[in-house]
Amino acid sequence: MSPPVVTRFAPSPTGYLHIGGARTALFNWLYAKANGGQMLLRIEDTDRDRYSDEAVEAILDGLTWLGLDWSGDAFSQYAHGERHREIALQLLAEGKAYKCYCSPGELTAMREAARAEGRPIRYDGTWRDRDEAEAPDGIAPVIRFKAPQDGETVVDDQVQGRVVYQNKELDDLIILRSDGSPTYNLSVVVDDHDMGVTHIVRGVDHLTNAARQSQIYLALGWQVPVMVHIPLIHGPDGAKLSKRHGALGVDAYRAMGYLPDAMRNYLARLGWSHGDDEVFSTEQMIEWFSLDAIGKAPARFDFAKLENLNGIYIRNTADDELADAIDSFLPYSEMDAATVAKFHAGREQLIGALAGLKARARTMIELVNGAAFLFAERPLKLDEKAAGILNDGGREVLGQLIGELDNQADWTTEALEEKVKAFAEAQDIKLGKIAQPLRAALTGTTVSPGIFDVLVVLGRDESLGRIRDNIS
RNA sequence: GCCCCCAUCGUCUAGUGGCCUAGGACGCCGGCCUCUCACGCCGGAAACAGGGGUUCGAGUCCCCUUGGGGGCGCCA
């Protein structure tokens, strides 16, 4: 029996949770859930210069919104710096690491020279075997890992397959800075080991790190976790999506009106598939998720498809549940406070209109905008097209119709439809010639749910009032 | 420059040597439905990057070319 699966999502707190990170988190979460294991959360905050509390908040908020929960408290890598330092010193004591007295300037010069001469850009190992007695005065050394120079390092990856690196391609990386603080590659190894992580699921941009980290695991005599390097998400231009290159934070997607469930579904389908299945619940996702169904090629983010999926989710959500979703969305929308209050106060009316509104919205923004006519104050502001219809004979039609509606006691869609159609027939005009002016007066626009549904959901008095407002 | 990875419709993908006349989804185009716009339904155009092998048989295996991506920090 294999040990329980432990995965981890390890973002660096340098900004919001971007879409690539969100998918990495999703895959970690899915794999843990699918195998009865748990996902841990670790904040990679060893670089204090780039750390910010707000970023940590944004990341936790983003994960929570997406419905991706983690076990225990968020683990701070920085808080375990002392442990990392001890390991670095242990490696030094064992002769598996050494002090390097090159200054940052020298290293930069080394890189630039290598680049200029077309040589591989690596640390040349100057201090690897040099006597410490030759150390210059006043320079605090860094500690470098003494990486093997011959042979090869194999990353046996669950997605990428067997990837072989010649050890001569990998230089001696710094594990402890001159100020005594540990660097990423060392900290990751120590933490993953200490946290009992069994599977490392992260983006392929870490593939080379996987090789270097494997060498450290080996030097420490620790077992290397199962490696799973998933392809990256690219922007429309085919380049890696990153914070400084087109990637938006998940909070932006929330503000654009995407539902977390739709988001999860869409993200899961980016790089992973289960036959021809496109729309599936989170439960199914967990049941079906497997590493071998993850592709190796990078995927481009496609808003059109996300939008379509989101529309499907909106339509499939029960009305009262959707009203709840609107409530949670409103604070992130651009609706003013007064309108938001009306949405809350008019919840029942909103639910009554949702059936007709749902089919017409692909995002929560569209949904909310579509519902706005419900809470508009008389006299309604008319958009250009609506005004055009009313001015172009619409008012006259309404003027004739109002008498009929005034006498209408049975205010149901069926009865109203019967009434209006009979009126159209009697007047020998097409239903559309009545429906559009009605829609214009009732909603202030030319687009809305079925006009009889609108009459009903608005109610008799409000409907009659809005119509009267637009009779010349 | 060096190392690594990738390559099926515009996009996401199915495909694991014969079931492929290459399937689905989004998008696009046309039609139906119709009080508007949607939804829904029906139909259509649209891809195995190129070249060599291997094999009775290659989208599927191998090699090369081309194209794309990632990495090469006292960042993570």
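So for the range A:315-430, taking the charge dipole from beta-carbon charges (+1 Lys/Arg, -1 Asp/Glu), which of A:ALA426, A:ALA323, A:ASN369 sits furthest toward the positive end?
It is A:ASN369.
Residue by residue through the range A:455-462, which ³J(HN,Hα) values in whole Hz follow from phi under the Karplus form 6.51 cos²θ - 1.76 cosθ + 1.60 (θ = phi - 60°), with glycine and proline marked x?
4, 5, 5, 6, x, 4, 4, 5
For A:LEU248, what residues show an amide H to amide H distance below 5 Å, using hydrogens built from the backbone and excluding near sequence neighbours?
A:ILE19
Suppose we keep just the alpha-carbon trace of the range A:169-303; what are its Rg and Dmax in angstrom?
Final numbers for Rg and Dmax: 18.0, 54 Å.
Using amide H atoms built in the peptide plane, which far-off residues or other-chain residues are under 5 Å from A:ASP157 H to H?
A:ARG162, A:VAL163
Sorted from largest down, give the three principal axis spans of the alpha carbons of the range A:255-391, whole angstrom values.
Principal-axis extents of the Cα atoms in the range A:255-391, largest first: 61, 30, 23 Å.
Quote the convex hull volume per residue of chain A, based on C-alpha atoms, as a whole number of Å³.
Details: hull volume 92.8 nm³, N = 472.
Normalising the Cα hull of chain A by residue number yields 197 Å³.
Taking the Cα centre of the range A:303-377 as origin, work out the dipole magnitude from +1 charges on Lys and Arg Cβ and -1 charges on Asp and Glu Cβ, in debye rounded to 20.
Roughly 320 debye for the range A:303-377.
Which percent of Cα-Cα pairs in the range A:246-294 sits in each 5 Å bin, short to long?
Reading upward from the zero bin: 5, 19, 29, 20, 14, 12, 2.
Starting from the Cα gyration tensor of the range A:353-455, multiply each eigenvalue by 5, take the square root, and state the resulting semi-axes largest first in whole Å.
Calculated on Cα positions only, the semi-axes equal 23, 16, 12 Å.
Once label points are set 7 Å from the Cα along Cα→Cβ at both A:LEU89 and A:ARG119, what is their separation, rounded to one decimal in nm?
Label at A:LEU89, label at A:ARG119, 3.5 nm between them.
Quick one: Karplus J couplings for the range A:7-19, per residue in order, coefficients 6.51, -1.76, 1.60, θ = phi - 60°, nearest Hz, x for Gly and Pro?
Taking θ as phi minus 60°, the curve returns 10, 8, 10, 10, x, 9, x, 10, x, 5, 7, 8, 4 Hz for the range A:7-19.
Quick one: Cα centre-to-centre distance for the range A:48-108 and the range A:445-471, in angstrom?
61 Å
Please sort A:104-116, A:276-288, A:255-267, A:304-316 by packing, taking for each peptide the average over its residues of neighbouring beta carbons within 10 angstrom, highest first. Show your work: numbers first, answer last.
Values: A:104-116: 11.9, A:276-288: 13.8, A:255-267: 21.8, A:304-316: 17.9.
So the peptides A:104-116, A:276-288, A:255-267, A:304-316, ranked by packing, come out A:255-267, A:304-316, A:276-288, A:104-116.
Per DSSP H run of at least 4 residues, take -39500 (n - 2.57); add these up for chain A, divide by its residues and hand me the 222 nm value, nearest 500 deg cm²/dmol. Present the calculation step by step, with values, prior to reporting the outcome.
Values: 20 runs with 221 residues, N = 472.
Mean residue ellipticity at 222 nm (helix-derived): -14000 deg cm²/dmol.
Hey, rough spin-label estimate for A:ALA345 and A:GLN149, points 7 angstrom out along Cα→Cβ, what's it come to in nanometres?
Each label point is offset 7 Å from its Cα along the Cβ direction, giving 8.0 nm.
As an exercise, find the ratio Rg/Rh for the range A:271-350 from alpha-carbon atoms, using the Kirkwood inverse-distance average for Rh. Show your work: numbers first, answer last.
Values: Rg = 17.6 Å, Rh = 15.7 Å.
With Rh from the inverse mean 1/r over Cα pairs, Rg/Rh is 1.12.
Can you check how the C-alpha radius of gyration of the range A:1-132 compares to 2.2 N^0.38 Å, as a plain ratio? Please report the intermediate quantities before stating the final value.
Values: Rg = 19.9 Å, N = 132, 2.2 N^0.38 = 14.1 Å.
Taking the Cα Rg and dividing by 2.2 N^0.38 Å, one obtains 1.42.
Can you work out the Karplus-derived ³J(HN,Hα) for every residue in the range A:346-351? Use 6.51 cos²θ - 1.76 cosθ + 1.60 with θ = phi - 60°, whole Hz, and x for glycine or proline.
Result, rounded to whole Hz: x, 3, 4, 5, 4, 4.
Under the 0.36 nm per residue contour assumption, what length would be gained going from the current alpha-carbon distance of A:HIS274 and A:ASN308 to full extension? Working shown, then result.
Working: separation 34, 0.36 × 34 = 12.24 nm, distance 1.91 nm.
Working it through step by step, the gained length comes to 10.3 nm.
Sequence-distant or interchain residues sharing an amide H contact under 5 Å with A:GLU152, placed H: which?
For A:GLU152, the qualifying residues are A:ASN167.
Normalising by the residue count of the range A:1-146, find the relative contact order in percent from Cα pairs under 8 Å and 6+ residues apart. Numbers along the way, then the final one.
On the way: 176 pairs, mean separation 31.7, N = 146.
Reported as a whole number, the value is 22 percent.
Which Cα, out of A:LEU270, A:PRO13, A:GLY161, lies furthest along the positive dipole direction of chain A (beta carbon charges, K/R +1, D/E -1)?
My answer, from the dipole projection, is A:GLY161.
Please calculate how many Å² of accessible area chain A carries per residue, with a 1.4 Å probe and no DNA, RNA or ligand atoms counted. Intermediate results must be reported in sequence, preceding the final value.
Numbers: 22340 Å² over 472 residues.
Spelled out: the 1.4 Å probe surface of chain A, per residue, equals 47 Å².
Calculate the spin-label point distance for A:ASP320 paired with A:GLU112, positioning each point 7 Å from the Cα along the beta-carbon direction, and give it in nanometres.
7.0 nm
May I ask you to list the aspartates and glutamates whose Cα is less than 20 Å away from that of A:LYS296, ignoring any residue fewer than eight positions away on the same chain?
Correct list for A:LYS296: A:ASP156, A:ASP157, A:ASP205, A:ASP237, A:ASP276, A:ASP277, A:GLU278.
Using Cα atoms only, what is the angle between the long axis of helix A:431-443 and the major principal axis of chain A, expressed in degrees (0 to 90) to the nearest 10?
The two axes meet at around 60 degrees.
Quick one: Kirkwood hydrodynamic radius for the range A:318-368, alpha-carbon pairs, angstrom, one decimal?
Working: mean 1/r = 0.0914 Å⁻¹.
Taking every pair of different Cα atoms in the range A:318-368, averaging 1/r and inverting gives 10.9 Å.
Taking all pairs of different Cα atoms in the range A:122-241, averaging 1/r and flipping that mean, what Kirkwood radius in angstroms comes out?
Numbers: mean 1/r = 0.0623 Å⁻¹.
This gives a value of 16.0 Å.
How big is the charge dipole of the range A:99-178 about its Cα centre, in debye rounded to the nearest 20, if each Lys and Arg gets +1 on its Cβ and each Asp and Glu gets -1 on its Cβ? Could the numbers behind the result be given before it?
Values: 12 positive and 16 negative charges, 40 e Å.
In total the dipole reaches around 200 debye.
The values are calculated or read from the model by the stated rules, or taken from the named source; none is laboratory data. Being a predicted model, the structure only gives us computed values, none of them experimental. Counting neighbours? That spans all protein chains shown, and the Cβs are built from the backbone with ideal geometry, glycine included. For the accessible areas, the whole protein counts, side chains as well, though only heavy atoms, and no ligand, DNA or RNA atoms are used. Shrake-Rupley method; radii C 1.70, N 1.55, O 1.52, S 1.80 Å.
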